[in-house]
1. Could you tell me whether any residue of the range 290-304 is under 30 Å from ASP413 (Cα atoms) and surrounded by fewer than 17 Cβ atoms within 10 Å (Cβ to Cβ)?
2. Which residues, taken from the range 328-345, are part of a loop (DSSP other than H, G, I, E, B) and farther than 14 Å from VAL278 by Cα?
3. Applying the selection to the range 35-50, what residues are of a type in the set (Gly, Ala, Ser) and more than 14 Å from the ligand (Cβ to nearest atom)?
4. Please state which of the following conditions THR229 fails to meet, knowing it meets all the rest: (1) β-branched (Val, Ile, Thr); (2) more than 24 Å from VAL361 (Cβ to Cβ); (3) buried (at least 21 other Cβ atoms within 10 Å of the Cβ).
5. Tell me, which helices (runs of 4 or more DSSP H) lie completely within the range 90-136 with 2 or more residues that are of a type in the set (A, V, I, L, M, F, W, C) and touching a Ser or Thr at 6+ places or on another chain (Cβ under 7 Å)?
6. Out of all the residues in the range 20-34, which are within 11 Å of the ligand (Cβ to nearest atom) and charged (D, E, K, R)?
7. Whether any residue in the range 206-213 is at pLDDT 95 or above, away from the ligand (no atom under 16 Å from the Cβ) and within 13 Å of the chain's Cα centre (by Cα) is what I want to check.
8. Identify, from the list ALA324, ALA342, the residue that is closer than 30 Å to GLU383 by Cα and surrounded by 15 or more Cβ atoms within 10 Å (Cβ to Cβ).
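The values are calculated or read from the model by the stated rules, or taken from the named source; none is laboratory data. In this text, all values refer to a predicted model and were calculated from it rather than measured experimentally. Cβ coordinates were reconstructed from backbone atoms using ideal geometry, including for glycine residues, and neighbour counts include every protein chain displayed.
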Amino acid sequence: MEKREQERPRVVLGVSGGIAAYKACELLRQFTESGHDVRVVPTAASLHFVGEATWAALSGNPAATEVWESVHEVPHVRIGQHADLVVVAPATADLLAKAAHGLADDLLTNTLLTARCPVVFAPAMHTEMWENPATQENVATLRRRGAIVVEPAVGRLTGVDTGKGRFPDPVEIFQLCRRVLARGAKGLPQDLAGRHVVVSAGGTREPLDPVRYLGNRSSGKQGYALARTAAARGARVTLVAGNSELPDPAGVDVIHVGTAGQLRESVLKAAADADAVVMAAAVADFRPAVYAPGKIKKQEGQEPEPVTLVRNPDILAELSADRARPGQLVVGFAAETDDVLANGRAKLARKGCDLLVVNEVGEHKAFGSAENEAVILATDGTETPVPYGPKEALADTLWDLVAPRLAEPPAADRGNP
Ligand SMILES: Cc1cc2nc3c(=O)[nH]c(=O)nc-3n(C[C@H](O)[C@H](O)[C@H](O)COP(=O)(O)O)c2cc1C
């Protein structure tokens with residue numbers, strides 16, 4: 001049965017004049033097919049790429065560009081005021097600049113000024129435009145004011161170039177918007193807006209020779225869930241991903257790494273301007289002492305050489321002891337197979353982090369599963385049990401504990417350490 005009009009979440013889909021405008025048709029379909037009432041507000045430039053008729057037909061609503069149409073309904077104020085979510089996809093460099101400076105010369109920019117709901121921008125442009133300090137400052141301004149600006153993807157751009165600036169997968173943007181709407185429907189704030197969080201995920205692999213490695217069973221699902229949920233709460237997210245089969249989450253800066261050493265280097269670099277670092281990756285404690293540059297071969301009549309292991313650096317202890325910024329929050333994960341809580345409490349004290357998520361792992365527990373169960377230990381002595389459920393629920397409970405503990409003002413407003 002179709003939902004009654006007033007129960008359907010109201011979404012404004014702003015479309016600005018980028019080559020990726022055609023991908024917004026897929027985003028629109030995702031919204032309409034899942035029962036959202038969508039009002040498309042294209043800019044005049046975007047109509048060079050996708051025409052008004054497409055938006056009106058696909059949304060079932062008028063798709064005006066200027067404030068001068070249907071003036072008796074005062075659309076320049078009403079559309080923004082009544083929205084549950086405004087998502088601008090694609091957002092051009094020009095649109096980001098106008099939004100950051102409060103310009104209001106068409107229906108979309110007026111709507112952005114009147115909206116009181118969460119606003120998501122999905123920028124797409126050439127790498128040079130994205131990296132230009134003007135664009136970066138506009139993005140920082142919008143984030144500071146609470147908007148969610150998703151990081152563009154890296155990949156093929158218009159023509160033959162590749163780089164950062166690609167429009168993320170529309171289905172992934174839709175999933176992000178759904179999470180934002182779900183928080184809004186519960187009256188929950190974008191409590192990580194303006195924050196930079198670093199999350200590590202997946203397992204590391206320590207090579208023995210060019211074809212063999214020592215690895216672990218981590219799937220990356222918990223870390224990826226942390227990255228997705230933080231983005232939906234408004235954070236700029238850097239995901240340092242060890243080996244994982246999972247697709248890159250939309251709107252998150254993903255750095256792929258292989259070994260514990262590479263993970264350490266990327267996490268420390270990203271942590272330099274982070275408000276919080278969450279180490280959910282399963283990082284190898286040891287690596288082979290010797291790396292054989294050629295494949296280790298069977299020798300007739302000889303037993304294989306034993307593998308000698310050496311310790312890897314303890315990244316969590318290092319991050320905790322040597323905070324990149326005063327007030328930076330550090331969160332660890334402890335995967336234990338026995339004496340779970342006692343080992344977790346000891347680890348929290350030993351590592352010096354602020355929060356520790358302790359969970360029991362085993363061949364069929366936690367690793368690879370979409371669900372998890374844990375206890376989150378804090379240095380103030382509080383212990384928060386998280387019942388068995390989706391890894392996204394655990395991720396949100398962790399952010400609930402992280403958000404009120406973050407230092408003020410956000411790292412981005414404090415300049416260099
Ligand atoms: C073929 C073509 C592709 C373009 N693609 C983009 C783009 O992907 N991102 C962007 O920021 N601007 C792009 N532009 C430039 C914008 O269309 C231009 O800045 C325009 O003024 C944006 O207007 P609007 O922000 O009101 O939609 C493109 C222009 C052309 C001609």
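1. no
2. Step one: of the range 328-345, the residues part of a loop (DSSP other than H, G, I, E, B) are 328, 337-339.
Selection gives THR337, ASP338, ASP339.
3. Within the range 35-50, the first condition is being of a type in the set (Gly, Ala, Ser), and the residues that meet it are 35, 44-46.
Scanning the range 35-50 gives a single hit, GLY35.
4. (2)
5. Values: elements: 93-101, 107-114, 127-131.
The qualifying helices (runs of 4 or more DSSP H) are 93-101, 107-114.
6. Residue satisfying the conditions is LYS23 alone.
7. no
8. Going through ALA324, ALA342 in turn, the sole match is ALA324.
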